[in-house]
Structures are given as structure tokens and as C-alpha cells.
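Below is one structure, written out as C-alpha cells; comments come after it.
The values are calculated or read from the model by the stated rules, or taken from the named source; none is laboratory data. Owing to the predicted nature of the structure, the values given are computational and were not obtained by experimental measurement. Here the Cβ is made from the backbone with ideal geometry for all residues, glycine too, and neighbour counts use every protein chain on show. We work out accessible area using only protein heavy atoms, side chains counted, and drop any ligands, DNA or RNA first. Shrake-Rupley method; radii C 1.70, N 1.55, O 1.52, S 1.80 Å.
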Amino acid sequence: MSYDTTYDVIICGAGTSGVAAAISAARGGAKTLLVERTGTMGGQMSLSGPPGFAYARLFNPQGKRDIGGIVEETYQRLFQTGHALPHLRYPVREKAGYTFSYVDPEWWTMLMFEMMEEEGVQLLLDTLVVGVTKEENTVTGIVVENANGRNEIKGKIVIDCTGEGYVSAHAGCEMECVGRDEIQPHTLAFTVDGVDWEELLTYIRSHPDQFSFRQLVFPFEWANTQEDIINMYEKCHDITELGELMGFYELRDMAFKNGDWHPYSGAGFFLTPKEGGHIQAHFQHSSQWDHTLPTDAWDLTRCMIECRKQNLIAWRFFKNYVPGFRNAYITKVCTELRLREGPRIVGDYVLTREDVAECRQFEDTIGKSSFKAGAYHVSTMDTLNACVTYKTDMAYPKDGGSYDIPYRCLVPREVDNLLAAGKCISTDRPAYLRYLHQTMVTGQAAGTAAALCVKEGISPRRMEQDVSELQQSLLAQGAVLFECPVK
């Protein structure tokens, strides 16, 4: 391939939305190019994670599956080869819709390379997209810079999977983002091994009140009580039952008083599996730095510096204060920040907090989610209590159900032959879809839609008039669009 090749579909960004878009576009028969500014794929799964929410929340609080498609396909491939744990649906977590389906992030990334080759996706790595080419309001390709200098690449449909909507901004799309004073803090995650899980579980069972329960309490009639969660901690003998662990309140407060903790985040971690069922601890809440815009390189640099300082403090705390961590050691420090908030396109439809709260269904649905709206973090030791500050923005899907994501959220207003997928799709601030499974759902839909548009010779906006073929194609790929199956 060369820069003179005209592609049917160009995907910018090989994060979680980008890989899903590339696989589905290629399967739809499109000549597909996936462009990535780093040398690998995976984004929040590999470079800024794995996040604790990797393949979490695939089932809503009613116990119904609302995430399928490429998410489930890749999970099953990893599970069959011993690189994923079974769907962990322990009773307390299932009632909250907060279950985990852990995958090994390193093997996930290797699987992505395998699948790109299987589907015939052309990769262009270590390449930064610095602009787009247009004819009036129609995008005709992208401008890239890499070891070959600056070049243009033509494409019939371009998909922005950069996470922060950088390509959409280059294309002149209307964008929305809160300012420095409001934006959620970003973090730098790290992973550790060598934890004595039995020693830690012994501490947990004898100190159940020292851990968070808010993530497991939902406003439904059948919801967990605080007593249910305390009982879970008291009887836990398997760390995977907990999934994530936030709190260590007395130890944290003692350390803070001694100058051994910082005031910017709480103490806790998620889990990540390795071969043979081995479990590591993944820290993604141990550092936070606010007033950082993803569109400002100086801000991002300062955030990286400050988060690394905070992680050193946090790690010394766990080593010196927390049972089970005496002989633990760091195995990975992520190379990119976990960006919790950034620009979003203004699309032909804007998904809202009210849509989430009411579990709204849309005729042009391309996927579902049951994640709540308005779950903001703040840069304090009680970061997960941010919902108290922003409680007017918080909204849980009613009755523990799932809401639809409309196709129109992927189509930017006034700019043609461009689609967005992942974190930058069109929502209001509370309904922001930043979690990994959500980004893969929208990525799969965008790639499928782009291939169909090329095949039928229509624009993505023209497809809004009839999405039936798109929906049938997604259903054939295992996506959940209408009724959520009970599994």
C-alpha cells in the first residue's frame, strides 16, 4: 500500500473504538485503513489501562445482557485460550449491574493484531493525523505525519476514533467540552504483582466497614443494602468476588496524617488476570490531577508529571501500610494518561441525561448501555463521592434497565462523510460514553455503517433515513439492539 491508495474507510485511532470499527468495516467488504499515532493498538486497554471497567457491566441490574458483538466475540476468543476469567456474576455485584468479565490486556492486544490480519485491515502505526482534506463540507481524506514526512491519504468515509475528537475538530465540526475549572481529573494507572491475597482478604474480612459500598447500592426496590455489602466483605475468600476495592479509610487517613498520602484521590485498585488465573492489582485511582484539557499539550505534560509523583506516594502507602503488599512490586506503569473527559462532537442527535434516566429507546439504535449518567470524579480523597457534588446530573437508568444509543449520535452536524465513535460521540456531559465496552459498541456500529455507506454509495447522514440494513448487520454480528437477552 502507499499514500496514493484511496481507501473505502479510514479509521483514525486504534484504541478500543478504532479496532472495533476496523474489524467491522473490513468484514463489511470495505478496503480499510487503521491509523494510529503509537506503535500498538488498544488505547485505554493497553496504553492508559487496562481500566477496571475493561469488560465490566456487560449485564444490567436486571441480569440481562446488553453488550454483545465484538466485545463478546473477543472475550470468548480469549476465554477459550485461557486468557480471560469466566463472567463473574456474584450476587451482590449482579444486583448492582457491576459485574466483571476480566481479560488479560496483553493477550487482548495481541488478539487485535491477529484480527486485523485475519480481516485484511491495513495498519499504519506511528503516524499522527494532523488534518483532513475536504471539498466544501465533505471530508475526502486525512493528512498524516510520520517517518515519511507529511502526506495526504484519500478515503471515502473517515471515522474519528481518537477519543478526544481531534479529527472532528480538524474537520471543523462543532464540538463541546467543559473548561479547565470543571473538567474531571485525569489519572495515570499502574499494575502490580506479588500481592499476598490471603493476607489482604484476612484484613478485609475483619475490617469490612473500611471499604466503599456506594458503587454497589442502586436506587431500586431490590437493590443491595449497606448490610448486604458489609456481609460480602466479611465472608469473602476469593478476591475476584470483589472485583474492585476502594477505601482503606483508617489506614489512608493515618497515612495522610503522617504525610504518607496525598489529598488528590482515594486508595484502591481493580484486578487484572494473567495466564493460569493469576491475579494482579491494577491501580487507576491512586493519582488525579485536575484543570487539564486534553487539547493542550502543556496541560497534559503537567498532569503526567504530577500523577507520577502521586503514584510514588500511593505505592509507598500500600507497601508500608496495607496488609498483603509487603513483597508486592510494580510490573507496569502506563505510558498514557487515562483521560476521563474531553471534547464531544455535536451530532444529529445529542444523547442526554434524561435519555439515560428514562431508558429511552430509539428507532435508529445501534447498541445499548446501562451505565449511569453524571458519574463525575473530583480531585479529592473522596473522589467516588463526586455524585454528591453533582447530584443533579446523576441519573440511574430506571428499573435497572438499559438505554439505546442512536446512530445519529455518530454523525456530526454539517460535516459529511465523517463518523465519530468512542468517547467523542454526541452526548451531553452527564451521558458521556467513555467506558471501554461503550466505545467498542459505537466503534463496531461506525465501522459497519461506513462499509454499508460505501457499498450503497450514500453518505452517513443519508443512512439516517433508513438504518434497517445497518441494524440487521449488527444483529448478525451478535450486537444487542432491541430486547436484552437473559443470560
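Want the number for ARG462 to GLN122: 0.36 nm per residue separation, take away the alpha-carbon distance, what's left?
Numbers: separation 340, 0.36 × 340 = 122.40 nm, distance 2.70 nm.
Taking ARG462 through GLN122 to full extension adds about 119.7 nm, to one decimal.
Treating only the Cβ of Lys, Arg, Asp and Glu as charged (+1, +1, -1, -1), what charge dipole size does segment 374-463 show about its Cα centre? Round to the nearest 20 debye. It would help to have the intermediate numbers written out before the result.
Numbers: 10 positive and 8 negative charges, 32 e Å.
Roughly 160 debye for segment 374-463.
Using packing as a proxy for protection, rank 447-457, 49-59 so that the peptide with the highest average count of other Cβ atoms within 10 Å comes first. Don't skip to the end; give the middle numbers.
Values: 447-457: 22.6, 49-59: 24.5.
Packing proxy ranking, top to bottom: 49-59, 447-457.
Compute the Rg to Rh ratio over segment 38-166 from the alpha carbon atoms, using the Kirkwood formula for Rh, and round to two decimal places.
Values: Rg = 18.4 Å, Rh = 17.2 Å.
Ratio of gyration radius to Kirkwood radius for segment 38-166: 1.07.
So, R0 is 25 Å and r is the distance between the beta-carbons of ILE230 and GLU250; what FRET efficiency does that work out to, to 0.05?
Numbers: r = 15 Å, r/R0 = 0.61.
Using R0 = 25 Å, I get an efficiency of 0.95.
Nothing charged except the Cβ atoms of Lys and Arg (+1) and of Asp and Glu (-1): what's the magnitude of the dipole of the chain about its Cα centre? Round to the nearest 20 debye.
Details: 46 positive and 64 negative charges, 121 e Å.
In debye, rounded to 20, the chain gives about 580.
In this model, which of LYS134/LYS368; LYS134/LYS154; LYS64/LYS274 are farther than 21 Å apart at the alpha-carbon?
Values: LYS134/LYS368 33 Å; LYS134/LYS154 10 Å; LYS64/LYS274 28 Å.
LYS134/LYS368; LYS64/LYS274, as the Cα separations exceed 21 Å there.
What lysines could a cross-link reach from LYS309, if we take a straight Cα to Cα line under 20 Å and drop same-chain neighbours fewer than 8 places away?
LYS257, LYS319, LYS332
Note down the accessible area of LEU475, probe 1.4 Å, to the nearest 10 Å².
Counting only protein heavy atoms, LEU475 exposes about 60 Å² to solvent.
Taking the Cβ of SER101 as the center, what net charge do the other residues with Cβ under 11 Å away carry, scoring Lys and Arg +1 and Asp and Glu -1? List each step's numbers first, then the result.
Numbers: positive: ARG57, ARG65, ARG89; negative: GLU72.
Neighbour charge sum, excluding SER101 itself: +2.
Please work out how much accessible surface TYR321 shows to a 1.4 Å probe, ignoring ligands, DNA and RNA, in Å² rounded to 10.
Only protein atoms counted, so the area is about 50 Å².
Over the heavy atoms of ASP466, what accessible area does a 1.4 Å probe trace out, to the nearest 10 Å²?
It works out to around 90 Å².
Using only Cα atoms, tell me the angle between helix 436-456 and the longest principal axis of the chain; keep it within 0 to 90° and round to the nearest 10.
10 degrees
Nearest 500 deg cm²/dmol is fine: what mean residue ellipticity at 222 nm does the chain get from its DSSP H runs of n ≥ 4 alone, each adding -39,500 (n - 2.57), divided by its residue count?
Working: 14 runs with 147 residues, N = 487.
Taken over the chain, the calculation gives -9000 deg cm²/dmol.
Over all distinct alpha-carbon pairs, what is the Kirkwood Rh of the chain in angstrom?
Working: mean 1/r = 0.0442 Å⁻¹.
Computed over the chain, the radius equals 22.6 Å.
Among THR6, VAL35, ASN137, whose Cα sits farthest toward the positive end of the charge dipole of the chain (+1 at Cβ of Lys/Arg, -1 at Cβ of Asp/Glu, about the Cα centre)?
About the Cα centre, the residue reaching furthest to the positive side is VAL35.
Put a dot 7 Å past each Cα toward the Cβ at PHE113 and ARG89; how far apart are the dots in nm?
Using points 7 Å along Cα→Cβ, the separation is 3.5 nm.
Which FRET efficiency, nearest 0.05, do ASP382 and LYS154 yield, Cβ-Cβ r, R0 30 Å?
0.05
Calculate the length of the line joining the C-alpha centroid of segment 255-296 to that of segment 387-450, in whole Å.
Each part reduced to its Cα centre gives a spacing of 26 Å.
If you put +1 on each Lys and Arg Cβ and -1 on each Asp and Glu Cβ, how big is the dipole of segment 85-151 around its Cα centre, in Debye rounded to 20? Each step should come with its number before you reach the end.
Details: 5 positive and 11 negative charges, 96 e Å.
So the dipole magnitude of segment 85-151 works out to roughly 460 debye.
Once neighbouring chains are kept in place and the probe is 1.4 Å, which whole percent of the accessible area of the chain is contributed by carbon and sulfur?
49 percent
Using a 7 Å offset from Cα along Cα-Cβ at ILE330, what residues in segment 180-219 end up with backbone N under 20 Å from the label point?
186-196
First measure r as the distance between the Cβ atoms of ASP4 and ASN137, then evaluate 1/(1 + (r/R0)^6) with R0 = 25 Å and state the FRET efficiency to the nearest 0.05. Don't skip to the end; give the middle numbers.
Numbers: r = 25 Å, r/R0 = 1.00.
The computed FRET efficiency comes out at 0.50.
How far is the Cα center of segment 38-52 from the Cα center of segment 9-29, in Å?
Rounded to whole Å, the Cα centres lie 16 Å apart.
Determine the distance separating the Cα centre of segment 80-96 from the Cα centre of segment 454-477; give it in Å without decimals.
If you average the Cα positions of each part, the centres end up 33 Å apart.
Want the number for VAL178 to GLN215: 0.36 nm per residue separation, take away the alpha-carbon distance, what's left?
Numbers: separation 37, 0.36 × 37 = 13.32 nm, distance 2.51 nm.
Length difference between fully extended and current span is 10.8 nm.
How many percent of all Cα-Cα pairs in segment 247-327 sit more than 16 Å apart?
Numbers: 1845 of 3240 pairs.
Pairs farther apart than 16 Å: 57 percent.
Could you please put ARG316, ARG205 in sequence from largest to smallest accessible area, using a 1.4 Å probe? Write down the numbers at each step before the final one.
On the way: ARG316 140, ARG205 50 Å².
If we order ARG316, ARG205 from most to least accessible, we get ARG316, ARG205.
Keeping all protein chains in place, calculate the accessible area per residue for the chain (probe 1.4 angstrom), answer in Å². If you can, show how the numbers build up before the last one.
Values: 18200 Å² over 487 residues.
Averaged over the residues of the chain, the accessible area is 37 Å².
Could you order LYS31, LYS257 by accessible surface area, starting with the largest, using a probe radius of 1.4 Å?
On the way: LYS31 95, LYS257 180 Å².
Sorted descending by solvent-accessible area, the residues read LYS257, LYS31.
Where does the charge balance sit around CYS359 when Lys and Arg score +1, Asp and Glu -1, over other residues with C-beta under 10 Å from its C-beta?
On the way: positive: ARG360, LYS368, LYS398; negative: ASP355, GLU358, ASP399, ASP404.
So the environment of CYS359 carries a net charge of -1.
Once the other residues with Cβ under 10 Å from the Cβ of LYS274 are scored (Lys, Arg +1; Asp, Glu -1), what is the net sum? Spell out each step's value before the answer.
On the way: positive: none; negative: ASP104, GLU106, ASP193, GLU275.
Cβ neighbours under 10 Å give a net charge of -4.
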